[in-house]
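Participant: Below is a structure I'd like to ask you about.
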Amino acid sequence: MLISAIVLMFSGILVVVISERAASGRLGINSLAGIRTSALMASEAAWTAGHRAARIPLGLAGVVLFLAGGVALAFRLGEPATGAIVLSAAVASVVLIVIAAVVATPAANRALVDDLAAE
């Protein structure tokens, strides 16, 4: 129970930090972290533009994970309740991350078109 809560909170912080670093250009294209669709990985400009567009749903995913962990930790719920919180937070964050990818891809494509037009 305690470990699940801590993992959720840590995961939430990690999602927010990674998404903000990618959106600000401090985290470049890589094979481990960030939204890795072909559109976003086509160029650094597309990567940054896509992550900027996805800031809100990614931030919400991180907040959901962090708060779910905080609730599980603060209320010291039993195993069934903690399991329900973990599952609910996981589902909600996956939905938000999919939304982030859907929002990020057109922004990345626009950045690619802008790059080609500038050449």
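The values are calculated or read from the model by the stated rules, or taken from the named source; none is laboratory data. Just so it is clear, the structure is predicted and the values come from calculations on it, not from any experiment. Every residue, glycine among them, receives a Cβ derived from its backbone with ideal geometry; neighbour counts consider all protein chains shown.
Participant: If you go through segment 64-103, how many residues are within 24 Å of THR48 (Cα to Cα) and either of a type outside the set (A, V, I, L, M, F, W, C) or over 20 Å from the mean Cα position of the chain (by Cα) (or both)?
Facilitator: Total meeting the criteria: 1.
Participant: Note down all Cβ pairs under 6 Å where the first residue falls in segment 97-116 and is closer than 9 Å to LEU40 by Cα and in contact (Cβ under 8 Å) with a residue 40 or more places away in the chain, the second is among the aromatic types (Phe, Trp, Tyr) and assigned to a helix (DSSP H, G or I), and they're at least six residues apart or on different chains.
Facilitator: From residues that are closer than 9 Å to LEU40 by Cα and in contact (Cβ under 8 Å) with a residue 40 or more places away in the chain, there are no pairs.
Participant: While we're on this one: Quickly run through segment 24-38 and pick out the residues that are over 18 Å from GLY12 (Cα atoms) and among the β-branched types (Val, Ile, Thr).
Facilitator: Across segment 24-38, the qualifying residues are ILE29, THR37.
Participant: Out of segment 43-61, which residues are in contact (Cβ under 8 Å) with a residue 24 or more places away in the chain and either charged (D, E, K, R) or in contact with an Asp or Glu (Cβ under 9 Å, 6 or more places away or on another chain) (or both)?
Facilitator: SER43, ALA45, ALA46, ALA49, HIS51, ARG52, ARG55, LEU58, GLY59
Participant: List pairs: first residue in segment 1-25 and closer than 21 Å to ALA100 by Cβ and basic (Lys, Arg), second residue modelled with pLDDT of 95 or more and surrounded by 14 or more Cβ atoms within 10 Å (Cβ to Cβ) anywhere in the structure, Cβ distance under 6 angstrom, at least six positions apart or on different chains.
Facilitator: Cβ pairs passing all conditions: ARG21/LEU27.
Participant: Something else now. I need the helices (runs of 4 or more DSSP H) fully contained in segment 21-119, keeping only those with at least 3 residues that are surrounded by 13 or more Cβ atoms within 10 Å (Cβ to Cβ) and in contact with a Phe, Trp or Tyr (Cβ under 9 Å, 6 or more places away or on another chain). Spell out the reasoning first.
Facilitator: On the way: elements: 44-53, 55-75, 79-118.
The helices (runs of 4 or more DSSP H) meeting that bar are 55-75, 79-118.
Participant: Here's a follow-up. Restricting to segment 14-55, name every residue that is among the polar types (S, T, N, Q) and under 13 Å from ALA104 (Cα atoms). If you could, list the steps in order and put the result at the bottom.
Facilitator: Here is the first cut: in segment 14-55, the residues among the polar types (S, T, N, Q) are 19, 24, 30-31, 37-38, 43, 48.
Answer for segment 14-55, where residues must be among the polar types (S, T, N, Q) and under 13 Å from ALA104 (Cα atoms): SER19, THR37, SER38, THR48.
Participant: Right, another one. Which condition does GLY70 not pass, out of (1) in contact with a helix residue (DSSP H, G or I) (Cβ under 8 Å, 6 or more places away or on another chain); (2) over 20 Å from ILE18 (Cβ atoms), if it passes all the others?
Facilitator: (2)
Participant: Here is a follow-up. How about segment 26-42: which of its residues are of a type in the set (A, V, I, L, M, F, W, C), touching a residue at least 40 places away in the same chain (Cβ under 8 Å) and under 15 Å from ALA100 (Cβ atoms)?
Facilitator: Let us first name the residues in segment 26-42 that are of a type in the set (A, V, I, L, M, F, W, C), namely 27, 29, 32-33, 35, 39-42.
Add one more test, that the residue is touching a residue at least 40 places away in the same chain (Cβ under 8 Å), and what stays is 35, 39-40, 42.
Result: ILE35, ALA39, LEU40.
Participant: Has segment 55-64 got any residue that is more than 15 Å from GLU20 (Cβ to Cβ) and at pLDDT 95 or above?
Facilitator: Let us first name the residues in segment 55-64 that are more than 15 Å from GLU20 (Cβ to Cβ), namely 64.
From what's left, at pLDDT 95 or above: 64.
Checked against the condition, which is being more than 15 Å from GLU20 (Cβ to Cβ) and at pLDDT 95 or above, segment 55-64 yields at least one hit.
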